[in-house]
Amino acid sequence: MDSQENNERENMYDRMVDEAFQHLIDTYLASRHRKKVDIINKAFNFARQAHKGVKRLSGEPYIMHPIAVAQIACGEMGLGSTSICAALLHDVVEDTDYTVEDIENIFGAKIAQIVDGLTKISGGIFGEHASAQAENFKKLLLTMSDDIRVILIKICDRLHNMRTLESQAPNKQYKIAGETLYIYAPLANRLGLNKIKTELENLSFRFEHPEEYADITNKLNFTKEQRDKLFEEFTAPIKEALDKMGVKYEIKARVKSPFSIWNKMQSKHVTFDEIYDLLAVRIIFQPADRNEEINECFNIYVAISKIYKSHPDRLRDWLNHPKANGYQALHVTLMSKQGRWIEVQIRSDHMDEVAEQGFAAHWIYKEGSDVQEDEGELNNWLRTIKEILDDPQPDAMDFLDAIKLNLFASEIFVFTPKGEIKTMPAGCTALDFAFQIHTFLGSHCIGAKVNHKLVPLSHRLQSGDQVEILISKSQHVQPSWITFVSTAKAKGKIQAILRRDSREVQKKGEEVLKEWLKAHEMELTTAVLDRLCEFHDLQKHESLLQAIGDRTVLLGEKDLDELNGKNRKDAKGRNWLKYVPFLGHDKQKEKKEPKSSLLIVKEGFDKKKPCVISERHIDKYIFPRCCHAIPGDDILGYIDNKNRIEIHKRNCPVASKLKTSYGNRILDAKWDMHKKLFFDATVEIKGIDRKGMMRDVANVISDQLNINICKVTMAAKDGIFDGSIELRVHDRDELRLIMDSLRQIEGLQEVQRLS
């Protein structure tokens with residue numbers, strides 16, 4: 001009976017695989033590519049044989065994953081046979097005994113090169129303490145410059161992994177979702193893959209914050225009828241006008257994605273009901289003459305702005321200045337008859353295709369050609385990546401930040417004194433512009449003239465500015481510069497120059513320390529450096545040597561006492577308090593509690609099991625100040641360098657980097673609290689000042705809700721007040737109740753929790 005069941009299951013799996021592959025072939029045959037079905041069949045049969053007998057975590061045959069990745073590459077990105085074959089073969093070298101040479105012999109050099117690039121950027125060849133994901137990302141970018149299809153297929157691979165993430169353990173889900181949000185979604189955006197970027201963001205959001213995701217999705221479904229009615233009423237006169245003009249068009253409604261809504265709720269501190277741009281309208285037309293499509297966009301704009309009043313500050317012309325990812329459209333915001341501002345995006349069918357599928361897939365590789373075409377913006381981007389990689393940061397976190405800073409920023413257009421246009425990230429300064437032109441200009445920059453007026457180095461540039469850089473040979477790079485530059489190139493160059501200078505100071509510091517130790521009959525060891533770093537509250541050995549070198553730390557009797565163990569008294573008892581943000585314990589007892597009560601992760605620790613945080617065990621975990629989690633928050637655990645467990649909110653900026661760079665140290669964490677302990681929480685409020693406002697706020701919190709207020713800070717100016725209230729609450733639900741009650745107070749406009 002068992003063997004019969006097994007046979008039936010295998011037959012069912014075979015049918016599933018055949019159907020999935022047939023769907024891929026049908027999608028490919030329906031595309032505009034040259035029909036090279038034979039090589040796709042060959043790649044499929046080869047991969048099926050190589051992965052035979054292997055199952056995914058979900059139980060289905062492993063070959064279903066490469067087929068799904070190839071399906072995304074073909075159907076959702078519009079890639080051709082070379083990419084489809086590489087997608088089908090992308091895990092063969094990593095997971096089986098076949099080599100890149102075998103792939104080259106059977107499928108040729110181009111497919112082998114892409115498979116090799118994809119193999120290089122996966123796999124866990126780095127140790128526990130190495131920042132494996134950042135290293136993988138470096139390799140990913142290095143392979144990109146050989147063939148952009150490597151990164152495109154990697155994004156397809158990531159999208160399918162996200163779509164099937166439910167079969168993974170929660171700690172793996174947070175790692176993969178965090179990495180996706182931090183790296184892959186912005187990367188997809190930069191490559192113009194708008195649809196894929198949105199799906200990656202939503203899937204990440206769904207796994208990291210399941211309750212919020214469900215709540216927003218339900219609200220979107222609930223308000224669908226109102227949106228449909230608004231769309232119909234708003235577009236009826238537009239359709240009439242376009243029909244009169246004889247334009248071939250279709251009008252689509254675009255609803256804001258759950259992730260975008262949540263992001264706006266977080267950043268603008270508003271509720272779902274206060275978000276008014278849920279609906280946007282897209283007009284996609286077929287131009288009568290391809291050469292005149294930009295003019296036709298403006299003709300449509302003129303026609304619809306006769307029907308509705310347009311917002312003067314919200315006209316976005318991406319036609320004459322396309323975004324760096326190739327996006328072209330005209331955005332205009334119109335006032336509907338219902339009193340709502342609605343954004344209308346006007347673009348041709350070709351512009352729409354590029355917006356949805358990305359210009360990398362359409363313009364760089366013409367069918368039947370392996371030659372990379374000269375696409376200015378993309379090549380500039382690849383050049384920037386190479387510059388960052390030429391002088392990589394020693395710390396993987398810095399590297400990821402540099403990539404984020406430069407590659408995913410929105411752009412402005414700046415002119416040189418000779419009238420050349422330079423594309424720069426929004427928010428950049430005159431000093432960024434100087435480094436963009438040349439390192440020498442940047443490192444000797446003393447100021448700039450913007451639109452012929454003298455400005456400081458830190459002056460932020462606006463689109464359309466004309467900039468002339470002023471230099472002096474006596475000028476040197478200053479450490480303060482790092483605080484106001486915003487481009488990866490400027491940051492990287494400044495850090496490299498400062499590091500070079502700093503190495504000399506550190507060398508001097510090391511010599512001073514050695515001499516001092518020698519005079520006291522001691523040697524320079526790691527233990528000595530660790531002890532002195534802890535004593536001076538410095539994180540790294542380099543920082544200590546730097547401080548000794550530039551004489552901000554002067555070695556003396558206290559250092560000697562520390563090294564001889566005379567300073568050990570109750571410092572530990574005092575220090576450990578900073579790790580615990582909750583209250584409700586005896587203060588004396590807290591002082592005597594040793595640091596060793598913290599949980600230390602030892603060998604054999606099961607990372608798949610969640611850390612359950614209850615009243616009994618809460619003091620075993622570290623609660624860093626970066627996000628200040630309280631019961632009810634979505635949280636995760638992170639094993640730090642000393643094998644202790646830190647608890648972060650899942651949307652904490654520090655946790656985002658940790659998930660991306662140290663994914664193997666992420667743990668699932670859950671609350672099991674029973675409203676016995678109090679936690680600090682701060683609420684920020686803002687509104688229109690009036691007599692009695694303070695009394696009403698205190699009345700709501702203390703009298704109605706019986707909550708303890710620890711501290712209130714208020715300031716009023718020009719009839720507007722803002723302030724903060726420090727409270728002690730049991731959990732997030734209690735805090736939410738307080739915030740909802742405060743929102744009912746007359747004149748109180750904004751209520752938000754401070755992270």
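The values are calculated or read from the model by the stated rules, or taken from the named source; none is laboratory data. The structure presented is a predicted model; accordingly, all values stated were derived computationally and were not measured. Glycine gets a Cβ as well: all are built from the backbone with ideal geometry, and neighbour counts include every protein chain shown. Ligands, DNA and RNA are stripped out before the accessible areas are found, and what is left, the full protein with its side chains, is counted by its heavy atoms. Shrake-Rupley method; radii C 1.70, N 1.55, O 1.52, S 1.80 Å.
Pairs linking a residue in segment 504-519 that is within 13 Å of SER543 (Cα to Cα) to a residue that is acidic (Asp, Glu), with Cβ atoms under 8 Å and 6 or more positions apart or on different chains, are VAL505/ASP550; GLN506/GLU542; GLY509/ASP550. Would you be able to say whether some residue in segment 162-179 is outside any helix (DSSP H, G or I), touching a Phe, Trp or Tyr at 6+ places or on another chain (Cβ under 6 Å) and either open to solvent by less than 30 Å² (accessible area, probe 1.4 Å) or charged (D, E, K, R) (or both)? Looking through segment 162-179, none of the residues is outside any helix (DSSP H, G or I), touching a Phe, Trp or Tyr at 6+ places or on another chain (Cβ under 6 Å) and either open to solvent by less than 30 Å² (accessible area, probe 1.4 Å) or charged (D, E, K, R) (or both). Quick one: is ALA519 among the small types (Gly, Ala, Ser) and surrounded by fewer than 13 Cβ atoms within 10 Å (Cβ to Cβ)? Spelling it out, ALA519 is indeed among the small types (Gly, Ala, Ser) and surrounded by fewer than 13 Cβ atoms within 10 Å (Cβ to Cβ). Of the candidates GLN462, GLN436, the single residue that is in a loop (DSSP other than H, G, I, E, B), under 28 Å from the mean Cα position of the chain (by Cα), under 23 Å from SER410 (Cα atoms) and at pLDDT below 90 is GLN462. Residue count for segment 658-689, restricted to those that are in contact with a Ser or Thr (Cβ under 8 Å, 6 or more places away or on another chain) and open to solvent by less than 10 Å² (accessible area, probe 1.4 Å): 3. Residues in segment 726-738 that are within 24 Å of PHE272 (Cα to Cα), aliphatic (A, V, I, L, M) and surrounded by 17 or more Cβ atoms within 10 Å (Cβ to Cβ): LEU735, ILE738. Reported count of residues in segment 466-484, each being open to solvent by 70 Å² or more (accessible area, probe 1.4 Å) and of a type outside the set (Ser, Thr, Tyr), is 6. May I ask you to list the residues in segment 697-725 that are surrounded by 15 or more Cβ atoms within 10 Å (Cβ to Cβ), within 26 Å of PRO653 (Cβ to Cβ) and free of Cβ contacts under 8 Å to residues at least 40 places away in the same chain? The answer is ASP722, GLY723. With respect to the stated conditions, ASP228 is open to solvent by 60 Å² or more (accessible area, probe 1.4 Å) and either under 26 Å from ALA303 (Cα atoms) or assigned to a strand (DSSP E or B) (or both). Among the residues examined, LEU498 qualifies as closer than 27 Å to SER458 by Cβ and out of contact with any Gly (no Cβ under 8 Å at 6 or more places or on another chain). Of the residues making up segment 56-88, those that are within 16 Å of PHE44 (Cβ to Cβ), open to solvent by 20 Å² or more (accessible area, probe 1.4 Å), assigned to a helix (DSSP H, G or I) and not aliphatic (A, V, I, L, M) are GLN71, GLY75, THR82. Do we find that VAL512 is open to solvent by less than 50 Å² (accessible area, probe 1.4 Å), in contact with a helix residue (DSSP H, G or I) (Cβ under 8 Å, 6 or more places away or on another chain) and in a helix (DSSP H, G or I) in this structure? Spelling it out, it is not the case that VAL512 is open to solvent by less than 50 Å² (accessible area, probe 1.4 Å), in contact with a helix residue (DSSP H, G or I) (Cβ under 8 Å, 6 or more places away or on another chain) and in a helix (DSSP H, G or I). Please state which one of LEU554, LEU538, LEU529, LEU524 is in a loop (DSSP other than H, G, I, E, B) and either buried (at least 16 other Cβ atoms within 10 Å of the Cβ) or modelled with pLDDT under 80 (or both). That would be LEU538, the only listed residue that is in a loop (DSSP other than H, G, I, E, B) and either buried (at least 16 other Cβ atoms within 10 Å of the Cβ) or modelled with pLDDT under 80 (or both). Within segment 235-251, the residues that satisfy the criterion of being surrounded by 16 or more Cβ atoms within 10 Å (Cβ to Cβ) and within 14 Å of GLN345 (Cα to Cα) are THR235, ILE238, TYR249, ILE251.
With respect to LEU544, determine if the residue is part of a helix (DSSP H, G or I), open to solvent by less than 100 Å² (accessible area, probe 1.4 Å), at pLDDT 85 or above and touching a His at 6+ places or on another chain (Cβ under 7 Å). Considered against the rule, which asks whether it is part of a helix (DSSP H, G or I), open to solvent by less than 100 Å² (accessible area, probe 1.4 Å), at pLDDT 85 or above and touching a His at 6+ places or on another chain (Cβ under 7 Å), LEU544 comes out as yes. When segment 249-293 is filtered for residues that are assigned to a helix (DSSP H, G or I), over 33 Å from the mean Cα position of the chain (by Cα) and touching a residue at least 12 places away in the same chain (Cβ under 8 Å), the ones remaining, listed by number, are ARG290, GLU293. Scanning segment 614-636 for residues that are under 28 Å from the mean Cα position of the chain (by Cα), in contact (Cβ under 8 Å) with a residue 40 or more places away in the chain and either under 13 Å from ASN171 (Cα atoms) or not in a loop (DSSP other than H, G, I, E, B) (or both) yields a count of 3. When the test is whether a residue is at pLDDT below 90, within 30 Å of LEU748 (Cα to Cα), among the hydrophobic types (A, V, I, L, M, F, W, C) and surrounded by 11 or more Cβ atoms within 10 Å (Cβ to Cβ), ILE261 does not pass it. Can you say whether GLY339 is open to solvent by less than 60 Å² (accessible area, probe 1.4 Å), assigned to a loop (DSSP other than H, G, I, E, B), at positive phi and touching a residue at least 40 places away in the same chain (Cβ under 8 Å), as far as the supplied structure shows? It is false that GLY339 is open to solvent by less than 60 Å² (accessible area, probe 1.4 Å), assigned to a loop (DSSP other than H, G, I, E, B), at positive phi and touching a residue at least 40 places away in the same chain (Cβ under 8 Å). When residues in segment 93-107 are screened for being outside any helix (DSSP H, G or I) and open to solvent by 60 Å² or more (accessible area, probe 1.4 Å), 2 of them pass.
Exactly one residue out of MET64, MET1 is at pLDDT 90 or above, farther than 22 Å from ASP102 by Cβ and of a type in the set (A, V, I, L, M): that is MET64.
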